[in-house]
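Q: Let me give you the structure first, and then I'll get to my questions.
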Amino acid sequence: MSLEAFSNYLSLEKKYSKHTVLAYGRDLELFQEFMLENHDSRSIENVSYSEIRQWIVELVNGGVSHRTINRKMSSLNSYYKFLQKVKAIETNPLKNHKALKVGKKVQLPFSKEELKRVLEGAIEVIDFESARDHFIVELFYATGIRRIELVNLKINDIDFSNKQIKVLGKRNKERYIPLINSLESSLKVYLDFRRTLPIVKDKEMLLLTKKGLKVYEMLVYRIINKYFSKASSKEKCSPHVLRHSFATHLLNEGADLNAVKELLGHTSLAATQIYTHNSIAELKKVYAKSHPRNQS
């Protein structure tokens, strides 16, 4: 079974992007090269797990990261599942394979200066879309809300009288987040522009496209990436980094860990503690400056 048939399957049936299809193909070609060098065969259809394991060992010894190796195994696994589908093989040699452990990447938050550049300079509020974009950035940073939670917010979730926002989180768990002054101001500007839309189809939803439809997750990602990629040098500029910034900045200013946990909608402190590494770094600076025994 040719790799071309597999590539066509990924493109036509799975609807994978051209970039993804090329990446899968490259991984399979690298395994072919390994098989040729070590087993005098370019065939990778009928291989044993021990042969694949040898390739994994070679990759590890060559300094390839566990994350990259896991991706290559994912490519192979998809290929063998395809071969099973077309009855070319009976058993997937990777059926019992366990991915290599990957350490969690420490996600650096945006700095206060980067947030200020976006909120006070990068977004000039002159129309509906710019007002919406500004409110979305403000909403992420002021509440630590998840992207899917933001997308699903409804008009009725805003309680101006009690200055709070109702958020429906994971497993339909409700929580209430304070509506701080800067967020309320941005919200009111957005709502004023929202009323000028000629057509509003999703009337109950808070955040809309200019066609009056509920915003979607990829649009929200593009909005955040658009502004922060100009204001920040960080490799990743996503809504989750804003959530990370919200938590880290609160902890740096002395917020209680349990309070931050509730605001984020976490079920356990363990999930919140991943945000403490930056606050610990901040504490070290304060300690170094303040402790009497560290004064020169």
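Q: What are the residues in region 23-43 that are over 37 Å from the mean Cα position of the chain (by Cα) and in a helix (DSSP H, G or I), if any?
A: 36, 37, 38, 39
Q: Hey, can you tell me all the residues within region 92-125 that are loosely packed, with under 11 Cβ neighbours inside 10 Å and closer than 22 Å to residue 44 by Cα?
A: Once the filter is applied, which keeps residues that are loosely packed, with under 11 Cβ neighbours inside 10 Å and closer than 22 Å to residue 44 by Cα, region 92-125 yields 96, 98.
Q: Cβ contacts < 8 Å: first residue of a type in the set (Asp, Glu), restricted to region 260-273; second residue surrounded by 12 or more Cβ atoms within 10 Å (Cβ to Cβ), any location; separation 6+ or different chain. Result?
A: Taking only residues 6 or more apart or on different chains, the pairs are 262/175.
Q: Among the residues of region 62-119, count how many are part of a loop (DSSP other than H, G, I, E, B) and over 30 Å from residue 135 (Cβ atoms).
A: Here the count works out to 23.
Q: Under 8 Å between Cβ atoms, at least 6 apart or on separate chains: pull out the pairs that start in region 212-232 with a residue that is in the same structural domain as residue 141 (by TED's automatic domain parsing) and end on any residue that is among the β-branched types (Val, Ile, Thr) and exposed (fewer than 15 other Cβ atoms within 10 Å of the Cβ).
A: Taking only residues 6 or more apart or on different chains, the pairs are 212/199; 212/200; 217/148.
Q: Right, next: Just to verify a result, which residue in region 134-146, among those that are assigned to a loop (DSSP other than H, G, I, E, B) and not hydrophobic (A, V, I, L, M, F, W, C), is surrounded by the fewest Cβ atoms within 10 Å (Cβ to Cβ)?
A: Ranking the qualifying residues of region 134-146, first place goes to 146.
Q: Is it fair to say residue 128 is at negative phi and at pLDDT 95 or above?
A: For residue 128, the condition - at negative phi and at pLDDT 95 or above - is met.
Q: Sticking with this one: Cβ-Cβ below 7 Å, separation at least six or inter-chain, first residue in region 11-32 and in contact (Cβ under 8 Å) with a residue 12 or more places away in the chain, second charged (D, E, K, R): which pairs?
A: 27/72; 32/42
Q: For residue 129, indicate whether it is within 21 Å of the chain's Cα centre (by Cα), over 30 Å from residue 24 (Cα atoms) and outside any loop (DSSP other than H, G, I, E, B).
A: no
The values are calculated or read from the model by the stated rules, or taken from the named source; none is laboratory data. Everything numeric in this text was worked out from a predicted model, so none of it was measured. Here Cβ is always computed from backbone atoms with ideal geometry, including for glycine, and neighbour counts include all displayed protein chains.
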